[in-house]
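Engineer: Input: one structure, supplied below.
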Amino acid sequence: MKAVTGIPVLDEVVEEFPESKTLTYWIDPEVEGNAFAMQTIYTNLERGFKCAYVTVTISPESVISEFEEFGWEVKEFENFEIVDLYSSYVGFPSKCKYNANPINLEEVEVLMKKVLEKFDIVFLPASSIIDVCGEEALRCIKDWCSLAKSIGKRVVLSFVAWPYSKEVKDGIIEISNALVKVGGIHHRVILGYYYGLVKADWKNVKSRAILFKLVRPGGVRAYIPKILVTGPYNAGKSSFVHAISNRAVSVDRLGTTVALDHGHLEYKGFSIDLFGTPGQERFDPILRMLGKEALGVILVVDSTKPETFPRAKQMLESVTHFGLPYVVAANKQDLPNALPPEEIKRRMVLPNDVPVIPISAVKGEGVYKVIDALLDLLIWREGEDELEI
Amino acid sequence: MSLRSELEEVLKELKATGDIEASAIVSRDGLLIAADISSNVNAEAFAAMSATMLGAAETAMSELGKGLPDRVVVESSDGKIVATGAGDRALLVVMTSPKANLGLILLQLGKASKKVEELLG
Ligand SMILES: Nc1nc2c(ncn2[C@@H]2O[C@H](COP(=O)(O)OP(=O)(O)OP(=O)(O)O)[C@@H](O)[C@H]2O)c(=O)[nH]1
Ligand SMILES: [Mg+2]
């Protein structure tokens, strides 16, 4: 059987976790990212691989119970072993067969050599090791990855990306054959989490990002984020959803949406579901229903009809509580009497930092800029427009 | 007779079948055309949501590559709602008592929806 990452979608992209490779989970400090490496280890235990899990900052008992919280009964696997660099560090005798004091790097090196020879897949908490042993431990981590490479073993690293020196960060990137970034989606508060493959040198793949939830028990579960497209009657919501989606359906009757528009979009590595609402007031219960659990809102307005702006704002208010991010699509810019975006922002009395994007849904002009603006609010850091470390 | 009163006549006949507590003729885009509903019900919302229900069901069916559904039936212990198309522009929806005989109701509803279709034709 092949070794895999055990992470949904990722395995479809990289297909396997080949021997001699180092797989790194690069985790934003604000995100609970431990589950990724644990899921990789557990999945491969089930597949019969011999796996070792190195711990330095938490006790072996805590490691076991963290696994168990996800429903992963690692104790029942004979092919599982904890490498305990914790107990002697805090001054307890270790109950584990493999243990060393991390203060004594030479002792650890001897131990790790043995571990790498014995096990197929070894997990290293790279940033914790550096926290305990100092940045010179980077050299050891590099050595272990090289050794693994030369004897056909696999290493899983988790690296919590605190502001370490550039040397450390570059060093980790350099030894990683595959890099998976785990980050947060935030807008005032954390709205969700994503992970994305930044590289995998055994596959020629483009970066793509997946939103996930941590489920206990269960682990990392991918989900497709929902973006709500709302706005007044006739503003062009359905037209927008169709203009931007790879495939879309609308429940329109007599020229108006009576239930919803649904579109699916694959864009810049993201998979997104778009839900368009009806615009007419009699369907407002649907608006509230569709608004639930949306990750962001696109408010479509007809730039030629300022008399509809109050309704637009009212619709926005009914879905953006909890600080959901939103962008405004100033539609029908192809018409001669369309108001410019700045004027719309002024008339709607919107905060200055709300993006108002001029578009023409029927001509398909500017529509992707709307998604870009929303991704900017949600995911990208300044200047980014694809997954980077 | 005005169109409106002719449509209301259709609803009245439906009610005579017994077990039908409320009924409405609704445009496909969810506007109330005619109704026989007690005044304490929000008839406009009922009309809009009936159009949503039938519209969504029709789209769901056609997404599966099937033809149009004949009707949408919603059952609860307090009664049933049945919505059925009445031509391209309208639909007919009734609310029944919990113990209503569905077969009988569907039969009557079929006839009534034909009439509505002709009247609005
Ligand atoms: N000129 C112009 N017309 C547009 C544009 N976008 C939409 N329209 C037209 O505006 C009308 C309404 O478009 P829809 O996409 O159905 O609007 P909607 O917001 O979904 O409407 P409801 O669902 O009824 O609230 C249609 O006649 C469209 O052709 C645009 O960018 N330019
Ligand atoms: Mg629409």
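The values are calculated or read from the model by the stated rules, or taken from the named source; none is laboratory data. Values in this document were obtained by computation on a predicted structure and should not be read as measured data. Methodologically, a virtual Cβ is constructed for each residue, glycine included, from the backbone with ideal geometry; neighbour enumeration extends over all protein chains shown. The area values use the complete protein model at the heavy-atom level, side chains included, leaving out ligands, DNA and RNA. Shrake-Rupley method; radii C 1.70, N 1.55, O 1.52, S 1.80 Å.
Engineer: What helices in chain A pass both tests, a Cα length along the helix axis of 15 Å or more and a mean Kyte hydropathy of -1.0 or higher, using whole DSSP H runs?
Structural biologist: A:34-46, A:105-118, A:137-150, A:367-378
Engineer: Only Lys, Arg, Asp and Glu count, each charged at its Cβ (+1, +1, -1, -1), so figure out the dipole size of the protein assembly as shown about its Cα centre, rounded to 20 debye.
Structural biologist: For this selection, approximately 720 debye.
Engineer: Ordering A:ASP201, A:ASP170, A:ASP28 from largest to smallest accessible area (1.4 angstrom probe), what's the sequence?
Structural biologist: Heavy-atom accessible area, descending, gives A:ASP201, A:ASP170, A:ASP28.
Engineer: By accessible area of protein heavy atoms, probe 1.4 Å, what ranking do A:TRP202, A:TRP26 get, highest first?
Structural biologist: The residues order as A:TRP202, A:TRP26, largest area first.
Engineer: Then there's this: Which of the trypsin sites (Lys or Arg not before Pro) across the range A:1-67 are loop residues per DSSP, with 12 or fewer other Cβ within 10 Å?
Structural biologist: Loop-located and lightly packed - A:LYS2.
Engineer: In what order, largest first, do A:CYS96, A:CYS140 sit by accessible area if the probe radius is 1.4 Å?
Structural biologist: Largest accessible area first, the residues go A:CYS96, A:CYS140.
Engineer: Another question about this same structure. Kindly write out, for the range A:96-101 in residue order, the coupling ³J(HN,Hα) from the Karplus curve 6.51 cos²θ - 1.76 cosθ + 1.60 (θ = phi - 60°), rounded to whole Hz, with x marking Gly and Pro.
Structural biologist: 8, 5, 9, 8, 7, 9
Engineer: Over every pair of different alpha-carbon atoms in the protein assembly as shown, take the mean of 1/r and invert it; report that Kirkwood radius in Å.
Structural biologist: 26.8
Engineer: How much accessible surface does A:SER62 have with a 1.4 Å probe, in Å² rounded to 10?
Structural biologist: 50
Engineer: How would you order A:284-297, A:146-159, A:226-239 from highest to lowest mean count of nearby Cβ atoms within 10 Å?
Structural biologist: Going by the mean number of other Cβ atoms within 10 Å, highest first, we get A:226-239, A:146-159, A:284-297.
Engineer: Once a ≥ b ≥ c are taken as the square roots of the eigenvalues of the Cα gyration tensor of chain B, is the result rounded (a/c under 1.5), prolate (a/b larger than b/c) or oblate (a/b not larger than b/c)?
Structural biologist: Taking the square roots of the gyration eigenvalues as a ≥ b ≥ c, chain B is rounded.
Engineer: Just the number, please: percent antiparallel of the DSSP beta bridges in the range A:224-378, rounded to the nearest 5.
Structural biologist: 45
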